[in-house]
Amino acid sequence: MDVSDRVWLRFGCGCSVNRFLFAVAASVLIALPLTAQPPGDVSAWFDKQLPGLVETYRWLHTHPEVSFQEEQTAAFVAQAWRDMGFRVTTGVGGHGVVGLINNGGGPTLMLRCDLDALPVTEQTQLPYASSRTIELPSGATTGVMHACGHDIHMTNLIATSRYLADHRDLWSGTLMVIAQPAEERGAGAKAMLEDGLFERFAKPDFAVALHCSGSKRAGEIGLLSGYALANVDSVDILVKGRGGHGSQPHTAIDPIVQAAHLVIALQSIVSRELRPIDPAVVTVGSIHGGTKHNIIDDDCALQLTVRSYSDEVRSKVLDAIRRKAKAVAVSFGAPEPEVRMSEGTPSLRNDADLTARLRKVFQRSIGAENVVQDEPSMGGEDFSRYGRAGVPIVMYWLGTISQSRLDRFEQLGVPPPSLHSSQYYPDVEPSLRTGVMTMTAAALDLLKK
């Protein structure tokens with residue numbers, strides 16, 4: 001049994017928080033030696049740190065926690081930063097952690113990682129696969145795993161923080177590192193901002209984050225200026241009718257037929273109401289109505305996900321959904337439907353000047369051939385909220401799949417497992433090497449003496 005196992009077992013057996021943090025501190029001390037390295041090549045420094053970083057990664061991977069429950073994960077990261085000399089505050093916007101090092105005059109740079117895992121049962125068959133389970137609100141049991149690579153994100157930022165803390169003679173300014181909760185629910189960045197992130201600590205001049213990619217080669221990164229990720233909205237529509245017997249449909253108003261008309265009508269929004277150069281997606285992901293073969297029910301529920309980039313297109317699409325839902329009801333002589341919209345995450349727009357600057361930095365760090373021009377995605381990421389708060393931001397994609405694995409997937413004629421898949425896993429060493437090399441290079445350039 002190693003130290004990480006003892007940490008888990010002690011905490012699970014009801015030890016005090018102080019004892020838990022002491023145990024975590026011991027784990028971090030083993031994972032990341034505190035002996036300062038002389039200034040020099042980041043790659044050589046990384047080689048010395050690699051065994052401890054792998055242990056850190058595996059502890060995080062085997063101890064996943066879902067959104068809003070990241071207590072142990074946050075404590076682990078917080079203690080690692082304390083040991084490096086950061087001034088650490090916990091409990092920011094839930095389980096969020098903020099660490100600060102003031103190192104003379106200069107700008108403030110924020111580097112961010114995210115803490116939470118997903119309710120997914122791991123099927124990678126790795127020797128360190130997660131075996132943790134939780135009970136869902138429905139009462140069902142599911143596994144939990146870092147299927148989106150947040151364990152890589154955390155390990156990468158712990159390593160980058162270590163290098164910068166050990167080499168303060170190479171930079172000047174304020175380094176602000178944050179570990180954000182509840183990214184998978186699109187709520188963590190908002191919670192930290194509402195808890196005074198930029199008022200209580202500092203409003204950064206720049207903010208940088210990376211995100212794992214399940215399709216890019218380990219050793220390369222993807223970078224894109226402008227819109228990189230989408231607005232994400234959830235829409236719930238309750239189509240209303242009038243129930244009756246299936247043999248006498250003329251006495252009822254069938255909500256399922258209404259819903260069928262509405263599904264088709266919704267698909268004309270993007271194709272016929274938006275400019276062809278304005279991307280958007282309207283997907284009906286769930287439809288539920290009826291209880292038995294010969295019963296016409298009173299209502300039918302639809303759940304939609306809606307994606308867009310600009311605020312103008314976002315507003316236009318949501319207005320069109322309301323209009324078409326009402327129009328279908330009118331055409332059936334049915335009661336007005338209920339349409340409820342819940343904001344997810346705003347679109348992520350990489351700052352053009354900061355992206356151009358970091359592209360050159362990354363090319364010098366890992367080679368121009370390993371910095372690829374990325375494409376916009378209709379996925380969502382709440383790192384965008386820091387940009388909406390007035391901070392120039394860049395998020396870049398970190399390749400995590402070795403070339404040999406990519407070749408094998410191509411031979412099999414199947415794509416690599418995507419993020420959120422129960423079979424996704426990164427190749428740890430090359431992924432972390434590229435992440436640490438690029439993020440450290442970005443920090444040293446933005447905090448240049």
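The values are calculated or read from the model by the stated rules, or taken from the named source; none is laboratory data. No experiment lies behind these values; they were computed from the predicted model shown. Positions of Cβ are generated from backbone atoms using ideal geometry, with glycine treated the same way; all protein chains shown enter the neighbour counts.
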Can you find, within the stretch 386-440, the residue that is nearest to Lys360 (Cα to Cα) among those that are without any contact (Cβ under 8 Å) to a residue 40 or more places away in the chain and among the acidic types (Asp, Glu)?
Asp407
All but one of (1) touching a Pro at 6+ places or on another chain (Cβ under 9 Å); (2) more than 19 Å from Ala443 (Cα to Cα) hold for Asp114, so report the exception by its number.
(2)
Pull up the stretch 297-312, narrow it to residues that are under 26 Å from the mean Cα position of the chain (by Cα) and surrounded by fewer than 21 Cβ atoms within 10 Å (Cβ to Cβ), then point me to the one that is farthest from Asn231 (Cα to Cα).
Gln303
Among Val372, Val339, Val361, Val313, which is the only one that is touching a Leu at 6+ places or on another chain (Cβ under 9 Å), assigned by TED's automatic domain parsing to the domain that holds Gly244, farther than 30 Å from Ile253 by Cα and not charged (D, E, K, R)?
Val313
Tally, over the stretch 380-419, of residues that are within 16 Å of the chain's Cα centre (by Cα), surrounded by 15 or more Cβ atoms within 10 Å (Cβ to Cβ) and not β-branched (Val, Ile, Thr):
14
Would you mind listing the strands (runs of 3 or more DSSP E) fully within the stretch 211-330 where at least 1 residues are aromatic (Phe, Trp, Tyr) and under 29 Å from Leu354 (Cβ atoms)?
226-229
Options Leu175, Leu157, Leu229, Leu197; residue that is within 20 Å of Trp59 (Cβ to Cβ), in contact with a helix residue (DSSP H, G or I) (Cβ under 9 Å, 6 or more places away or on another chain) and either modelled with pLDDT under 95 or surrounded by 24 or more Cβ atoms within 10 Å (Cβ to Cβ) (or both)
Leu157
Given the structure, is Val339 at pLDDT 95 or above, in a strand (DSSP E or B) and either β-branched (Val, Ile, Thr) or closer than 19 Å to Ile178 by Cβ (or both)?
yes
Taking only the stretch 420-434 into account, find how many residues are surrounded by fewer than 21 Cβ atoms within 10 Å (Cβ to Cβ), touching a Ser or Thr at 6+ places or on another chain (Cβ under 7 Å) and either of a type in the set (Val, Ile, Thr) or not in a helix (DSSP H, G or I) (or both).
3
Out of contact with any Asp or Glu (no Cβ under 9 Å at 6 or more places or on another chain), farther than 22 Å from Leu223 by Cβ, in contact (Cβ under 8 Å) with a residue 12 or more places away in the chain and of a type in the set (Gly, Ala, Ser): is that true of Ala202 in this structure?
yes
If you check Glu183, Glu199, which single one turns out to be under 30 Å from Val428 (Cβ atoms) and not in a strand (DSSP E or B)?
Glu183
Of all residues in the stretch 276-308, count the ones that are without any contact (Cβ under 8 Å) to a residue 12 or more places away in the chain and over 27 Å from Gly186 (Cβ atoms).
3
Only one of (1) assigned to a helix (DSSP H, G or I); (2) surrounded by fewer than 23 Cβ atoms within 10 Å (Cβ to Cβ); (3) at pLDDT 95 or above is not met by Val77, so which one is it?
(2)
For the condition basic (Lys, Arg), surrounded by 15 or more Cβ atoms within 10 Å (Cβ to Cβ) and either assigned to a strand (DSSP E or B) or at pLDDT 95 or above (or both), what is the one hit in Arg10, Arg58?
Arg58
What about Gly214, is it in contact with a Phe, Trp or Tyr (Cβ under 7 Å, 6 or more places away or on another chain) and either crowded, with 17+ Cβ neighbours inside 10 Å or closer than 17 Å to Val394 by Cβ (or both)?
yes
Flag for Met439 being out of contact with any Asp or Glu (no Cβ under 9 Å at 6 or more places or on another chain) and in a helix (DSSP H, G or I):
yes
Which members of the stretch 310-349 meet the condition of being closer than 18 Å to Gly387 by Cα and of a type outside the set (Lys, Arg)?
Ser310, Asp311, Glu312, Glu343, Gly344, Thr345, Pro346, Ser347, Leu348
